[in-house]
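Note sheet for the following structure.
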Amino acid sequence: MSYRHILEEEIRKLPQDMRGFERVVRSVYAQALEEAKRTGHSIESMTYEILEGVEAGCAKHPEETEKQLKYATEIMLDLLHHSAMVDIDKRHREARAAHAALKETIEKEALHMQQTLETLHHFSRDHRHEGLHTELPKISEMIHTYIENLAGKIEYNPLSGK
């Protein structure tokens, strides 16, 4: 059964004073919104169907149709806003976690490069390799450039702590 028909039937079952209208519209639209997200169906067509359902459900009281359509629109916008905020918050948390993991990886890789430089320094000193020892400033500069390139991926520099 379409959302239009579900809503039409549910609204027609409501008492004369339309108590329960918000609950009915909220329930059906929330279901439609979730289905649209899950299946990729057009939220536009579902919204149109729901508005048609409100209109048809109010047929017994045509003087209330415009008022109820406006109220249904407010309910749908509230649901859309809430849904958007939930999705955005979820993605934001995921992005922060991914950024933190990337930062941690860059710090770990930068530390490996710095430890390698220290090892080269100790090795050249312990084994008296003057040629290697004189190259250490160049190697150090190269390692710092590599670290800056890695850090540039997320605009973070583990050497400066920023």
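The values are calculated or read from the model by the stated rules, or taken from the named source; none is laboratory data. As the structure is a prediction and not an experimental result, all values here were calculated from the model. Neighbour counts are summed over all protein chains in view; Cβ atoms, including those assigned to glycine, are modelled from backbone coordinates with ideal geometry.
Details
- Applying the condition of being basic (Lys, Arg) and at negative phi to segment 127-162 and asking which residue is modelled with the highest pLDDT yields Lys138.
- Within segment 9-26, tally of residues that are in contact (Cβ under 8 Å) with a residue 12 or more places away in the chain, farther than 10 Å from Gly53 by Cβ and within 32 Å of the chain's Cα centre (by Cα): 3
- Within segment 1-33, the set of residues being loosely packed, with under 12 Cβ neighbours inside 10 Å and among the acidic types (Asp, Glu) comprises Asp17 only.
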